[in-house]
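What follows is calculated from the coordinates using simple rules that are stated; it is not laboratory data. Bear in mind the structure is a predicted one, so any value in this text is a computation, not a measurement. Here Cβ is always computed from backbone atoms with ideal geometry, including for glycine, and neighbour counts include all displayed protein chains.
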Amino acid sequence: MAELTGKSSQEQASDSGINIETIGLMAGRALLGVALVMMVFYLVVYVAFAANLIQFPYDYDQGEGFELVDVMMFSEGEFPYADIETYPFYGSIYPPLYHVLLVPFAWAFGPEYWYGRLFSFVSTLVTAGAIAYVVHREGRRYATGNATRWTTRLIAGVAGLAWLASPIVYHIGPLFRQHISMVMFEILALVVLVRALEIDDTGKRRRWLLLGFALLIAAGYTKQLAAFTAITALIYLFIRNPRRAVVWGTGFALVGGAIFLGLTIGTDGHWWTQTITANVKDFSLDQARGLFDVFIDLHFWLLIPAGVFILYEVYFDRISVYSIWFVAVTGLNAYAAGTWGAGDSYYATPIAATCVLAGIVTVRTFNGGWRFNQNVYSRALVDPLRRVAPLVRAAAMIALPVLFILYGRAIVHMPTNVAPFDTVADVFGIEDNTGYNFHDPNGYVTYAYAQIGHFLTDADRAAGDEIVALMNDIPADVPVLSEEAGFSFAAGREVITNPVVLMILWEAGAFDSTELVNMLNAQEFGMVVLRAQFYPQDVNRAITVNYEETQRIRMNGFDYIIKYPRAEPLE
Amino acid sequence: MNLFKDDFQFTKRQLGLLCVGLGMLAFVGLLGLDLVTGGDGGIGPAQRIGLGLTVALVVLGLSLIPLGDDKA
């Protein structure tokens, strides 16, 4: 290995007079300060959004309420993977860990949205902390004489905050959904596995490996998408030591498989149907492409250093788990994002990998931590540059913070009518481009890009209360069919159906809707509340035939359709 | 080369050869998939992306081979 210059930074400095590197360092630090201010601003927006959302007692993102149903079922010792063809027609397509972790909250507070959202929000902070930890660790590891602790910390902080600043992370960070805690387990698993391979003591190394694989299993049993990070970990271990990868990979597969088998047996096969069959969904290349374009547009400036770092590791250094992670999850998650029901949230993991790599590039540049293997490529491409290394480094110390600043410019998102953000919006000429007093860099345009992020208002809460009041007018012994579970919880009613699960399984030929359709035909439900009408076609048809719309109530920007039994069903 | 020795680690050359082999295998597999499934519609867009990736993997592998015994 050789440093880029082959000399210490001090020697380079004296060679080039006073001193191009010092100028680059000073300017770079100042620019990093600007980037930090931008990222802190987005953190403030994020915290304000989370605080606003955590207090809201109904669904914000469709499906949150069903996550709460899962939590409540686990808290009562029941599996949510139940027979969906019989009343109350409820099933769940997600693994259990997120819900199980929330069970103590359910015991203490009952069915509430706030603790699931708070848990997700805290998960995002842990993830950002893990990104900062990785960058900081890499910075210290490769630090040379002129590295300073606070510059390393500054860069680590900016990298972690850059993840929180992504509009995609912002959208889903504080939701009562399991996706973001999966990302937390994914990065924690990789951090632990990397640490494990650095340990010489066999016993201690094994304990760390065990912890790393336990975190991988935790990620997978939070959401299936973590399989791609598991692939990353196994590839990394295989490259570093195939024997260890095979042994630990086999153990990992056996434990994961045993849990899977136990759940399949314990739920009479419904776990298999709902988490496997229901997740084999239609693929849309247009959807995948649209979301990929959004990912590139929003994160382009950070993808540049990430890409450069991967090339560097492949040709001039050892390949780190984070480079493999970036390639694997960007490719595979981009593909998975094209499946029905997927969205921009599938990029939360690739964005984490991007921030890690961009942070490492920056911290290595500032700390003088670049090393190049002597090989055919370094002789052709790097050696000729050694004479101008101080200039290259100085330029990079200015350019890299600028990339973070440009990233901050590309991802502008904030409410435009909530103080103090309204003042900031006025000063910078940022306007509502979503119709919800909110500026989003995508403007809610791309298909499957989450149309959320805007703040909730008193009117939204009042609208939810109005729907609950209508439910309360229905006699307690008459069931109400609601497409969202939150209203049913607030009205103290049984949650009936998980529409999306029914629809997916119906399309897969794995749901017989006869009993539900018969109940609708017999007008057994006193009221129906619809939003997106994500029911199987024949269920939607039975609702239309037997129930008539009386009003629409607007909440969170969506129209909730209120229906009552028709005096005369349609022919 | 004993893949399962305690201290075995891939070199860049070995990793390159592995990438070339896997890439070629995947390329043939993707084309073969078309034959097995009938392939009436020709090579679809997703399949084209897959084939492109396999070619990229082969190119990457070839470019790693000159790196010799550098640790991967």
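Summary of computed values
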| quantity | calculated |
| --- | --- |
| From the C-alpha gyration tensor of chain A, square roots of 5λ in Å | 48, 28, 18 |
| For A:Asp559, distant residues with modelled amide H under 5 Å away | none |
| Long-range amide H partners of B:Gly68 with built H, under 5 Å | B:Arg13 |
| FRET E, pair B:Leu53, A:Asn518, Förster distance 35 Å, beta-carbon r, rounded to 0.05 | 0.10 |
| Between 0 and 90°, nearest 10: helix B:12-36 axis offset from chain B longest Cα axis | 20 degrees |
| Percent antiparallel among DSSP beta bridges (both partners in the protein assembly as shown, rounded to 5) | 85 percent |
| Expected 222 nm ellipticity per residue - DSSP helices of 4 or more, -39500 (n - 2.57), all of the protein assembly as shown, to 500 | -20000 deg cm²/dmol |
| Partner aspartates and glutamates for A:Lys563 [C-alpha distance under 16 Å; skip if fewer than 8 residues away on the same chain] | A:Glu466, A:Asp473, A:Glu483, A:Glu484, A:Glu524, A:Glu548, A:Glu549 |
| Chain A: angle of helix A:321-336 to the longest principal axis, Cα-based, in degrees nearest 10 | 30 degrees |
| Residue order, fewest to most beta carbons within 10 Å, for A:Tyr115, A:Tyr347 | A:Tyr115, A:Tyr347 |
| Karplus 3J(HN,Hα) series, Hz, for the stretch A:484-491 with 6.51 cos²θ - 1.76 cosθ + 1.60 (x for Gly, Pro) | 10, 6, x, 5, 5, 4, 5, 8 |
| Exercise: per-residue mean of other protein chain Cβ atoms within 10 Å, B:3-15 | 4 |
| Shielding by partners - mean other protein chain Cβ count within 10 Å, residues of A:260-271 | 0 |
| Size of charge dipole - chain A - debye, nearest 20, with Cβ of Lys, Arg +1 and Asp, Glu -1, no other charges | 3780 debye |
| Qualifying lysines (Cα of each under 26 Å from Cα of A:Lys204; at least 8 residues distant if same chain) | B:Lys5, B:Lys71 |
| Order of A:Glu466, A:Glu484 under a 10 Å beta carbon neighbour criterion, fewest first | A:Glu466, A:Glu484 |
| Integer Hz, Karplus 6.51/-1.76/1.60 couplings in order for the stretch A:450-456, x for Gly and Pro | 4, 8, 9, x, 6, 7, 8 |
| Segments A:119-125, A:538-544 sorted - mean Cβ within 10 Å per residue, highest first | A:119-125, A:538-544 |
| Computed FRET value (nearest 0.05) for A:Ile474 with A:Val445, which takes r as the C-beta separation and R₀ as 45 Å | 0.70 |
| Chain A: angle of helix A:179-197 to the longest principal axis, Cα-based, in degrees nearest 10 | 40 degrees |
| Value of relative contact order over chain B, rounded to a whole percent, pairs C-alpha under 8 Å and six or more apart | 60 percent |
| A:Ala258-A:Ile553 pseudo-label distance in nm [points 7 Å out on the Cα-to-Cβ vector] | 5.0 nm |
| Relative contact order computed over chain A (Cα-Cα under 8 Å; 6+ residues apart), in percent | 21 percent |
| Whole-number percent relative contact order across the stretch A:424-566, with pairs defined as alpha carbons under 8 Å at least 6 apart | 20 percent |
| 3J(HN,Hα) from dihedral phi, the stretch A:375-387, Karplus parametrisation 6.51/-1.76/1.60, rounded to Hz, x for glycine, proline | 8, 4, 6, 5, 5, 7, 10, 9, 4, x, 8, 4, 5 |
| Long-range HN-HN contacts of A:His439 with modeled amide H, under 5 Å | A:Met414, A:Thr416, A:Asn433 |
| FRET efficiency, B:Lys5 to A:Val47 (Cβ-Cβ, R0 56 Å, nearest 0.05) | 0.60 |
| Ranked list, fewest to most other Cβ atoms within 10 Å of each Cβ, for A:Asp268, A:Asp440, A:Asp460 | A:Asp268, A:Asp460, A:Asp440 |
| Share antiparallel - DSSP beta bridges, the stretch A:437-563, percent rounded to 5 | 75 percent |
